[in-house]
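The values are calculated or read from the model by the stated rules, or taken from the named source; none is laboratory data. What you are looking at is a predicted structure, and each value in this text was computed from that prediction instead of being measured. We place every Cβ from the backbone using ideal geometry, glycine too, and count neighbours over all the protein chains shown. For the accessible areas, the whole protein counts, side chains as well, though only heavy atoms, and no ligand, DNA or RNA atoms are used. Shrake-Rupley method; radii C 1.70, N 1.55, O 1.52, S 1.80 Å.
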Amino acid sequence: MAWLRLLTIIVISCLSKAHPQLQSGLDLGSLTRELLHSAKEPAFFDWLKRVRRRIHEYPELAFQEHETGRLIMSELESLGIDYSWPVAKTGIVASVGSGLEPYFGLRADIDALPIQELVEWEHKSKKQGKMHACGHDAHVTMLLGAAKLLERKRDELKGTVKLVFQPGEESYAGAYHMIKEGAVDNVHAIFGLHVTPELPTGTVASRPGPMLAGSARFQVIIQGKAGHAAQPHTTRDPVLAASLAILALQHLVSRETDPLEPRVVSIGFIQAGQAANVIPETVSFGGMFRSMSNEGLSYLQQRIKKVIETQAMVHRCTATIDFFEETMRPYPATVNDESMYEHAKKVGEYVVGKSNVLMMPMTMGAEDFSFYSNKMAAAFFVIGTRNETQKPNYGLHSPYLIIDEDVLPIGAAFHAAVAISYLDNHGR
């Protein structure tokens, strides 16, 4: 019967790997039901809505999130949760659990956009020209909701959850600065959520491996020699040099990139002279480039520099190229760790139902959660906020964006369940 005992051990081992809750003994179904029920209780849900609306009314741009930070810290203090502040100027990192390893991270971005809100409702932005048009007010609220749920289970946590309230996601690489200042030192894995009005409330989506593109920007100044348009031979025409450089840049994708590898090079602006009969001294233009791999992004940057400098030289001009590597640091590609993706997917199936966990196609959008995914095992999911009764539906970064607040308890429970079950599987 030794062979039977051996077979039994092998089968149990395989099942444990396929279903982590079997290994840990955690009843994931009961856990998620409990968390979701708690988050949907009227008092809890009303609190979530109050928090989100207060944040929405007072949006703040990257690294200016002072009022937002005070609100977050006030809520954490009321829950009895310790935190560190400031991190990366306006960021906050809180801790719930045993204080011991393993450490698991949950992240929410906290900054708003320079957009004038055009939705007329009681809690419209009170700050002229600023709006939470990317849903970060909901992200903060869901993470605070998760904090409340986790605090109730503090003594049961088999490790420590780090709650990362990160500034400056919109263009300013806040995640990079949080990492640089040690916000996620010793964190083994991290999970993040982003709202999307493209999916109905009650659904989530992601994919293993590459999910979002790496992204970078550039600006160019072509220096020539000005002169009258009737005497072009006395000039060094920067308009011609810039025009041919822009055309040549399009060949980086069409002629130098494998057609099966997603890459983009786009020019967003060009500025030259003001007079029709004068060849200007300088031309400036700029744009962005993206790739689903960090190697692809690096290649494009090298080639963009080479192509522009060469085209300028051919036309007897010079070129200066700024890739904003310090002020608007390039974002790497967001790549989900396959095991973390599977873990969060399994939890999501219990939270919203198996049929409501969707496979997300790769997209050329970018997110600075990528800095975490390049440092540790990470999973990034989107969570639907579309409510068909709230028509019309507008996308992210729209001044007409509406968030269905029914997403708030779902996101809070999803965050908490991912963290609790991860620690249960990896804790001592």
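Filtering the stretch 127-175 to residues that are over 21 Å from Ile420 (Cα atoms), in contact with a His (Cβ under 9 Å, 6 or more places away or on another chain) and in a loop (DSSP other than H, G, I, E, B) leaves His132, Ala133, Cys134, Gly135, Pro167, Gly168, Glu169, Glu170. Taking the criterion of being under 15 Å from the mean Cα position of the chain (by Cα) and part of a helix (DSSP H, G or I), the residues of the stretch 327-376 that qualify are Ser370, Phe371, Tyr372, Ser373. In the stretch 113-130, the residues that are free of Cβ contacts under 8 Å to residues at least 40 places away in the same chain form Cβ pairs under 8 Å with partners that are part of a loop (DSSP other than H, G, I, E, B) and open to solvent by less than 80 Å² (accessible area, probe 1.4 Å), at six or more places apart or across chains, as follows: Gln128/Gln116; Gly129/Ile115; Gly129/Gln116.
Counting the residues of the stretch 99-131 that are acidic (Asp, Glu) and either open to solvent by 10 Å² or more (accessible area, probe 1.4 Å) or more than 20 Å from Asp404 (Cβ to Cβ) (or both) gives 4. Within the stretch 183-204, the residues that satisfy the criterion of being farther than 14 Å from Glu367 by Cβ, in contact with a strand residue (DSSP E or B) (Cβ under 8 Å, 6 or more places away or on another chain) and not polar (S, T, N, Q) are Ala183, Val184, Val187, His188, Ala189, Pro197, Glu198, Leu199, Pro200, Gly202, Val204. Checked against (1) closer than 24 Å to Gly168 by Cα; (2) open to solvent by less than 80 Å² (accessible area, probe 1.4 Å); (3) not in a helix (DSSP H, G or I), Gln301 meets all criteria but (3). In the stretch 346-372, the residue that is nearest to Asp406 (Cα to Cα) out of those that are open to solvent by 20 Å² or more (accessible area, probe 1.4 Å) and of a type in the set (S, T, N, Q) is Asn356. Considering each residue of the stretch 227-238, count those that are buried (at least 20 other Cβ atoms within 10 Å of the Cβ) and either of a type in the set (Ser, Thr, Tyr) or closer than 17 Å to Gly286 by Cα (or both), and give that number. Qualifying residue count for the region: 2.
Gln64 fulfils the conditions (1) part of a helix (DSSP H, G or I); (2) polar (S, T, N, Q); (3) within 22 Å of the chain's Cα centre (by Cα) except for a single criterion, (1).
Every condition in (1) outside any helix (DSSP H, G or I); (2) surrounded by 15 or more Cβ atoms within 10 Å (Cβ to Cβ); (3) not polar (S, T, N, Q) holds for Phe269 except the one numbered (2).
When Leu76, Leu48 are screened for being assigned by the TED database to the domain that holds Ser171, within 19 Å of Gly202 (Cα to Cα), aliphatic (A, V, I, L, M) and open to solvent by less than 10 Å² (accessible area, probe 1.4 Å), only Leu48 passes.
When the stretch 178-226 is limited to residues that are open to solvent by 10 Å² or more (accessible area, probe 1.4 Å) and under 14 Å from the mean Cα position of the chain (by Cα), the one that is farthest from Ala62 (Cα to Cα) turns out to be Pro210. Every condition in (1) touching a helix residue (DSSP H, G or I) at 6+ places or on another chain (Cβ under 6 Å); (2) more than 26 Å from Leu35 (Cα to Cα) is met by Lys127 except one, and the failing one is (1). Looking at the structure I just gave you, is Val96 more than 23 Å from Glu367 (Cα to Cα), in contact (Cβ under 8 Å) with a residue 12 or more places away in the chain and surrounded by 23 or more Cβ atoms within 10 Å (Cβ to Cβ)? Spelling it out, Val96 is indeed more than 23 Å from Glu367 (Cα to Cα), in contact (Cβ under 8 Å) with a residue 12 or more places away in the chain and surrounded by 23 or more Cβ atoms within 10 Å (Cβ to Cβ).
Within the stretch 337-365, the set of residues being under 13 Å from Tyr422 (Cβ atoms) and free of Cβ contacts under 8 Å to residues at least 40 places away in the same chain comprises Ser339 only.
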